[in-house]
1. On the first, second and third principal axes, largest extent first, how far apart are the outermost C-alpha atoms of region 242-303 in Å?
2. Under 13 Å from the Cα of LYS823, which aspartates and glutamates turn up, not counting those fewer than eight places away in the same chain?
3. Using θ = phi - 60° and the Karplus relation 6.51 cos²θ - 1.76 cosθ + 1.60, list the HN-Hα couplings for region 532-549 in order, rounded to whole Hz, with x at every Gly or Pro.
4. Counting helices only, and only those DSSP H runs with n ≥ 4, report the 222 nm mean residue ellipticity of the chain as the sum of -39,500 (n - 2.57) divided by its residues, in deg cm²/dmol to the nearest 500.
5. Give me the lysines in straight-line cross-link reach of LYS162: C-alpha distance below 22 Å, same-chain residues under 8 apart excluded.
6. May I ask you to compute the full-extension gain from ARG231 to VAL606, defined as 0.36 nm times their residue separation minus their alpha-carbon distance, rounded to one decimal in nm?
7. What angle do you read, to the nearest 10 degrees and between 0 and 90, between the alpha-carbon axis of helix 51-63 and the longest principal axis of the chain?
8. Provide the solvent-accessible area of VAL138, counting protein heavy atoms only and rolling a 1.4 Å probe, rounded to the nearest 10 Å².
Amino acid sequence: MVARFLTVFCLLGLPALAAPEAAAPSPAWPPVTRECRPWTYWWWMGSAVTVPELARHAEVYGAAGLGGMHVIPIYAAENPEAEPVPFLSDRWMELLAAAVGEADRRGLGVDMTLGTGWPYGGPWVGPEEAAARAFFQVYALDAGQRLGEKLACAEQPEAMLKRVMAYAADGAAEDVTARAGADGTLDWSPADGPRTLVALFQGWTKQQVKRAAPGGEGNVLDHWSREKLGRYLARFDEAFAGYTGKTPRAFYLDSYEVYNQNWTDLLLDRFKERRGYDLADHFPALLGMGDPDTVGRVRSDYNETVGDLMLLDFAEPWAAWVRGRGSLSRYEAHGSPGNLLDLYAAADIPETEGFGREGSELLMTKFSSSAAHVAGRGLVASESCTWLDEHFQERPAAVKAEMDKLFLGGVNHALFHGTAYSPESAPWPGWLFYASTHFGPTNPWHRHLPEINGYLARCQSFLQAGRPDADILLYFPVYDLWATPAKDPPSLHRLTVHNTKEWLHTGLRPAHEAAAWLWDHGHDFDYVSDRQLAAADLSRYRAVVVPRCGLLPPDTAAALNRLADRGMRVVFLGEPPRDAPGLGALEARRAALKAEMDKLVPRATVTEDLEAAVAGLRREAAVDHGVFFVRRRMDDGTAWFFVNRSDAAFDGEMPLSTGGAAAALFDPMTGRSGMIPLGTGDAGARVPLTLEPGQSCVVRVYDAAPAAPAAPWTAAKPAGPPLVVDGAWSVTFTDGGPALPAPLKLRRPAFWTESPGTEAFSGTAVYRAEFHLSETAAAAAGWRLDLGDVRECAAVRVNGRDAGTAWMPPYRLDHVGPLPAGKNTLEVEVTNLAANRVAAMDRNGEKWQRAYFVNIDYKPFDAAKWPVLPSGLAGPVTLTPLEGAAQ
């Protein structure tokens, strides 16, 4: 059944509307497709899977309301119930075909990673294809002095000597590589004056595929080389040559976790082609030696070249290979060097992620969604709820809060992180992957996943409909970042979701402050890159804001001029940038920048006042009340997804930036919808709305009134004081373990963990009570049932009939009844977390961990010292009579 308590309650402040004389249909929701339903990462531990179990998993996942699964083979469980199957073997390919087929028969999709674990790599990646690493060693020689030691890499002795450069005090460079013998002896000395020698050695990172599955172990691939990528993908061409199953919907490239790669074979060649000079002539500057301005310029050019390699020699060829197989490309670009906006946009489905208790960072999430919006991609995916809390302590309420935040950041295609393939015969809690929120069927609250997924699917049906509707582009001034020092030698900037305080909050503080101001003040925006300004179709935007920055490529200034020619507002926050980045052909590029800026600045808005700069552009005043939004332009109007992120309820007229002829309200918790009054506001329209903290809804404004009457939204009002359901309560344990405790008799609702013998139980129990209503009370049109404190989910039956479910606070149902006079029966089926059972197993020394498993701090997992978490129904339980009750 569908959870029906949350947004219904939040909208009770609407005036009750009279029912139409004849029944009219409710306003229509967008269709819920398999892409609208959440998907899940699906870890195949050791690929020890069987066809019957693949079919069972597809059945379970489909019944839970999922839209598809993403296959990632990883390390094996101990003593698996089936034999591990080597990755890409003939049998593995047969199992993939079976998985895709079983999913397809149930209306589900399947994606897969082009590898096992992460990052890309495997046994067919030899040292020559592996991620490369440069080592630089610096020596000082006086005139006539010879090097007193052999040239050898101290950090990695097997690394190959690639270049030896000698630099005079004035910076003049001489290549003396040819004077180095095979044994490392350098037959050279400075003829006049001291020299600084820099020796470049090329080795490899030695990184192995993390959490690899059998048949997938090996070196991590060089991610900066088109040629090496081609040889890597050839193994998949071979494997799929005899594949007879349906092709996976999408192939996936995980976040960039290629540690210590800072080089590739052709880097010096590519650098000279793209930047116009030899990087070897400036090794000291690359290493931070010499004039700070030159150091910054060389470092910028190095980072830009690496970004070009990531984009043009890896991400784009990879995506082209995927499309050539008739599939979509799904790509987590974060963590990469380069410009994230260009990298995300290379894929059909850009994907972001949230990690840990803090979850996603909204202004970081907008990098993936901005790339999708600017590039015209329809789906923005998220690796969702990765390690949302300590294992077995993740609450459904936290899932909703995190997903709402991802939605606000532009995500519209959620993938849970996730579920592990686990055979039904595996002892509880089954096979588990460590870096996840466990959404699988051995989690007690998995029984409520259909309701959770129903909410998310209805949200995503709107978030995938129409098109994004921001007015503003915010330029991402990556060149200012690239010119600054970075932790990764020799100053390589990797833009991850975990270090945003380093590169976004601090390294690009003016840009981050501008983004935060726009968001906090109700102005939707998309980030935009230099490449996108030059080539993307930006006609639907009305303004581009350039945050304070010091460096701007002349091609970007020319692109801004072209946008200004077409009538777009160009805003510079603070003094416009007057210098070009990089070192090659610097004076010519400075002159080109000056010519473009001389034309651009007089017709741009140059100001420190961002509020004045964006005056006249649409602003959602909902944010003034702590209510944040996603706005989508539909074929016949505009839709808003609203979330109250404040601690206070909103109850009043909600201003909208865009008007129309009619309005409707949609409740993603229940699927209810109805027409609501539409008034005029200062800058658009107003609708009556009540939103409790954490609650959400969708408002839709139509350009024209519906051709046929549509049902109005019905709202309930209290008709009297609440009645307390007191007296005797019984508690019967119905499902879970380690064993079902004996039934309880209570004088009032109380957590079952307050009773001896229940502390280790995780599962479901039914609280049952009887109450009586007088003839007068029974005349109420309906009832609001408030369950009080519930840990964690509740399904309610009244007089034997389902009344709804509640899986997060406030645990209220607004559509109970009407109820008859006399005796009534209330049953509340409560499900708790798995934590108490796991803690008891650890206290008892029971072995349940069957694979690598650590806690959220990456320490050995042990729950033995956990306190018993409250579980059950504590109340108080009340029934409030309603008039005009929603049905």
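The values are calculated or read from the model by the stated rules, or taken from the named source; none is laboratory data. Everything numeric in this text was worked out from a predicted model, so none of it was measured. Glycine also receives a Cβ, built like all others from the backbone with ideal geometry; neighbour counts cover every protein chain displayed. Only protein heavy atoms, including side chains, enter the accessible area calculation; ligands, DNA and RNA are left aside. Shrake-Rupley method; radii C 1.70, N 1.55, O 1.52, S 1.80 Å.
1. Sorted from largest, the Cα extents of region 242-303 read 60, 22, 16 Å.
2. Those aspartates and glutamates meeting the cut-off are GLU770, GLU775.
3. Once rounded to whole Hz, the list reads 5, 4, 7, 10, 7, 7, 10, 5, 7, 8, 10, 8, 10, 9, 9, x, 4, 8.
4. Details: 19 runs with 202 residues, N = 887.
So the calculated ellipticity at 222 nm is -7000 deg cm²/dmol.
5. LYS150, LYS206, LYS228, LYS272
6. Values: separation 375, 0.36 × 375 = 135.00 nm, distance 5.05 nm.
Using 0.36 nm per residue and subtracting the Cα-Cα distance, I get 129.9 nm.
7. 60
8. That residue has around 70 Å² of solvent-accessible surface.
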